[in-house]
């Protein structure tokens with residue numbers, strides 16, 4: 001046990017010891033270093049901020065719009081291998097198709113359901129990749145489905161397939177690669193010229209008295225003068241003239 005005089009002696013000894021002095025600049029530097037280390041440690045304990053994931057770019061994406069799906073001819077084109085790539089249907093397009101399939105209008109309902117059936121068939125087909133594209137971002141989707149379709153196709157540098165003339169023009173203005181099925185069908189039609197003979201089967205009468213109407217394999221209409229009397233028969237005709245319309249070519253012919 002220390003005696004009182006020993007404690008007093010120790011205190012005096014400490015008081016007499018020289019005190020260390022640090023420059024104010026050094027103290028400030030050390031304080032900044034410590035603060036930086038503590039801040040770094042605290043930030044590492046925080047949960048990482050959630051970042052919006054950018055959607056992966058689809059390679060060789062072919063986007064189908066509602067009109068092309070309902071039309072159905074694009075599926076025949078896909079089946080023969082004329083188009084390749086990843087065929088994409090936006091979730092918004094599928095919802096629009098379902099609304100058409102549930103329409104009170106019998107014609108719309110039938111076309112909508114046929115489109116859904118063809119989609120299902122293509123999805124199950126071997127060698128063909130069909131995917132449903134869902135918007136993964138918290139991005140606001142435009143009310144106009146066509147605008148969102150164009151935006152998505154442009155983002156992925158994909159090709160758009162449509163039967164809609166207005167949508168085709170919008171796509172070209174926005175530098176989106178687009179194929180109009182109607183234009184493709186017209187380009188693939190048989191090139192008939194006046195003076196050429198054809199064998200056709202008359203199916204029904206035309207608008208004008210005495211006219212008979214036939215169709216080539218590609219759907220081209222052939223109007224035959226005085227052909228109404230041959231309905232149901234196959235006859236040989238010669239092309240008199242060719243008229244180009246928005247719907248395609250119409251061939252006017254005479255019986256030989």
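Does region 61-187 come out rounded, prolate or oblate by the C-alpha gyration tensor, with a ≥ b ≥ c the root eigenvalues, rounded set by a/c under 1.5 and, if not, prolate when a/b is larger than b/c and oblate if not?
rounded
Quick one: if you stick a label point 7 Å off each Cα along the C-beta vector at residue 250 and residue 73, how many nm between them?
1.8
Using 0.36 nm times the number of residues separating residue 204 and residue 175, minus their current alpha carbon distance, what extension gain do you get?
Working: separation 29, 0.36 × 29 = 10.44 nm, distance 4.41 nm.
Residue separation times 0.36 nm, minus the Cα-Cα distance, leaves 6.0 nm.
Cα extents of region 195-256 along the three principal axes, largest first, in whole Å?
29, 23, 19
Which whole-number percent gives the relative contact order of region 61-187, counting Cα pairs below 8 Å spaced six or more residues apart?
Reported as a whole number, the value is 31 percent.
Go ahead and collect, in residue order, the members of region 68-100 whose backbone nitrogen is under 18 Å from a label point 7 Å along the Cα-Cβ direction of residue 109.
Backbone N within reach: 96-100.
Efficiency by 1/(1 + (r/R0)^6): what FRET value for residue 191 and residue 165, r their Cβ-Cβ distance, R0 = 22 Å, to the nearest 0.05?
0.45
Could you work out the Kirkwood radius for region 131-230, taking every pair of different alpha carbons, averaging 1/r and inverting it, reported in Å? Mind showing how you got there, number by number?
Numbers: mean 1/r = 0.0580 Å⁻¹.
Kirkwood radius, region 131-230: 17.2 Å.
Values in this text are rule-based calculations from the coordinates and carry no lab data. Nothing here was measured: the structure is a model prediction, and the numbers come from that model. Using ideal geometry, Cβ is built from the backbone for each residue, glycine included, and neighbour counts are taken over all protein chains shown.
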